[in-house]
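*Asks:* Here it is: the structure, laid out below.
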Amino acid sequence: MIRLAVLGLGERGRQRLQTLTALPEVAVEMVYDRDETARRWVKARYPEIEVVADLHRVLADLAIHAVVVALPAAEQPALVCQAIASGKHCLVEWPPAVSLEGLREIQAFSRERKRVAVISLPLLFHPAAVRAKELIERGDLGWVFYVSAIHHRPASFLVDQHVTWSLAYEEVSLALFLLGETPRRVRATGFYFLNHRADTVSLHLEFLSGRHALVEVSGLGAEPSRSFSVVGSKRSARLDLLSAQAPLALHTPLREGETEALGSNPWALETRWLSLQAVAALQEETQHFLECIGQGRAPLADLGRVEDLLRVLLAADLSLRYDGAHVDVARQSVQIPMGWRAAA
């Protein structure tokens, strides 16, 4: 039995708490939050769980083996390091830090204390994403040319958040996971309709292999929309990440002579929907974290992979600042666009 505590009761913290309490091999012993309303929410639904406003109560409890950290990004590196130093494994909700230095602190502490530190990227555990990775590795799609993603959320979802960090990060992480490489440079353009933070952003990632990734995100969508496409030389895969019934389709171009039944349509495709096991990505990720603790498995979203993701997002931020300049991911150097002038 693994004994856990949840630190922070924002949207993701509550989702994780609900997931953990449904697992038979887990005992949630304690929940921490500074907000009295959040603590009352837990007490009303989970009276058997101890709810505290003192973080040191959790860190000092030797019976707790692991913690889920779901606090503001600026607080997380120091708190995760404290938790690791107290002997606890950590599942850290996104974002783990807002700088590479903060993430490297977590890396150093987890290596030194030999504790598991997993950064939450649940999209990597979506059944359609797992199957798409298998198709790519088997060569079923041929040579992958590019991937593209669209992620729109209604205007009520985001008001004062940067959509690159609150929406695009999972699509970018999936692109890096499926292609198995880090982009050499990034270009980002955005619109600022509501405030000083970009609420609609387009990202273009270029890889050394010649592949590309295109990601479009918006916090002003009329309705939720989330899809991901992998385009290969043999066929393409489309992931509908909001569909529980048919989340993955394979599209194969028909050869000459096979389109007679469809008339003269030059864009005829054979579409095949793949049957997938209906599992919740958040539950799969939580189970993976428990296996990393109990069985010594290496985390899928290891800290090296997360560092690559942070580099891409920081490069995107820099590109937005320079009005769509190309930014080198490794060196964070900017190629200034022709005709660009700094604001007075």
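*Asks:* Go through the range 53-67 and report how many residues are buried (at least 16 other Cβ atoms within 10 Å of the Cβ) and either of a type in the set (Val, Ile, Thr) or part of a loop (DSSP other than H, G, I, E, B) (or both).
*Replies:* Total meeting the criteria: 5.
*Asks:* Take the range 285-319 and flag every residue that is surrounded by fewer than 22 Cβ atoms within 10 Å (Cβ to Cβ), more than 30 Å from HIS204 (Cα to Cα) and of a type outside the set (A, V, I, L, M).
*Replies:* GLN287, HIS288, GLU291, CYS292, GLY294, GLN295, GLY296, ARG297
*Asks:* Here's a follow-up. Tell me, yes or no, whether the range 151-164 has at least one residue that is under 24 Å from VAL334 (Cβ atoms) and not β-branched (Val, Ile, Thr).
*Replies:* For the range 151-164, residues under 24 Å from VAL334 (Cβ atoms) and not β-branched (Val, Ile, Thr): present.
*Asks:* Inside the range 320-333, can you point out the residues that are surrounded by fewer than 16 Cβ atoms within 10 Å (Cβ to Cβ), of a type outside the set (Ser, Thr, Tyr) and either without any contact (Cβ under 8 Å) to a residue 40 or more places away in the chain or in contact with a helix residue (DSSP H, G or I) (Cβ under 6 Å, 6 or more places away or on another chain) (or both)?
*Replies:* ARG321, ARG331, GLN332
*Asks:* Continuing with this model, one more query. Which one of the conditions (1) surrounded by fewer than 21 Cβ atoms within 10 Å (Cβ to Cβ); (2) modelled with pLDDT of 95 or more; (3) of a type in the set (Ser, Thr, Tyr) does SER173 fail to meet, given that it meets all the rest?
*Replies:* Answer for SER173: the failing condition is (1).
*Asks:* While we're looking at this one, here's another question. Where in the range 167-243 are the strands (runs of 3 or more DSSP E), entirely inside, with at least 3 residues that are over 27 Å from ARG131 (Cβ atoms) and either among the aliphatic types (A, V, I, L, M) or out of contact with any Leu (no Cβ under 7 Å at 6 or more places or on another chain) (or both)?
*Replies:* Passing ranges, in order: 185-191.
*Asks:* While we're looking at this one, here's another question. I'd like the full set of residues that are within 19 Å of the chain's Cα centre (by Cα) and modelled with pLDDT under 90, limited to the range 299-344.
*Replies:* ALA301, ASP302, LEU303, GLY304, ARG305
*Asks:* Do you know which residues across the range 16-50 are crowded, with 17+ Cβ neighbours inside 10 Å and assigned to a helix (DSSP H, G or I)?
*Replies:* Passing the criteria: ARG16, LEU17, THR19, LEU20, ALA38, ARG39, TRP41, VAL42.
*Asks:* Cβ-Cβ below 9 Å, separation at least six or inter-chain, first residue in the range 224-249 and in the same structural domain as LEU167 (by TED's automatic domain parsing) and buried (at least 18 other Cβ atoms within 10 Å of the Cβ), second part of a loop (DSSP other than H, G, I, E, B) and charged (D, E, K, R): which pairs?
*Replies:* Here the result reads GLY232/ASP140; ARG235/ASP140; ALA237/ASP140, each pair linking the range 224-249 to a residue that is part of a loop (DSSP other than H, G, I, E, B) and charged (D, E, K, R).
*Asks:* Out of VAL42, VAL26, I need the residue that is of a type in the set (A, V, I, L, M) and closer than 25 Å to VAL279 by Cβ. Which one?
*Replies:* Only one candidate passes the filter, namely VAL26.
*Asks:* Of the numbered conditions (1) touching a strand residue (DSSP E or B) at 6+ places or on another chain (Cβ under 6 Å); (2) assigned by TED's automatic domain parsing to the domain that holds PHE228, ALA66 fails exactly one; give the number of that condition.
*Replies:* ALA66 satisfies every listed condition except (2).
Matching residues to (1) under 21 Å from the mean Cα position of the chain (by Cα); (2) assigned by TED's automatic domain parsing to the domain that holds GLY10; (3) under 25 Å from VAL329 (Cα atoms):
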position: SER86; (1), (2), (3): no, yes, no
position: CYS90; (1), (2), (3): yes, yes, no
position: ALA97; (1), (2), (3): yes, yes, yes
position: GLU101; (1), (2), (3): yes, yes, yes
position: VAL130; (1), (2), (3): yes, no, no
position: ASP140; (1), (2), (3): no, no, no
position: PHE145; (1), (2), (3): no, no, yes
position: SER148; (1), (2), (3): yes, no, yes
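*Asks:* Here's something else I'd like to know. Restricting attention to the range 71-101, and to residues there that are of a type in the set (A, V, I, L, M, F, W, C) and closer than 18 Å to CYS292 by Cβ, which single residue is surrounded by the fewest Cβ atoms within 10 Å (Cβ to Cβ)?
*Replies:* Filtering the range 71-101 for residues that are of a type in the set (A, V, I, L, M, F, W, C) and closer than 18 Å to CYS292 by Cβ, the one surrounded by the fewest Cβ atoms within 10 Å (Cβ to Cβ) comes out as TRP94.
The values are calculated or read from the model by the stated rules, or taken from the named source; none is laboratory data. Source: prediction; values computed, not measured. Using ideal geometry, Cβ is built from the backbone for each residue, glycine included, and neighbour counts are taken over all protein chains shown.
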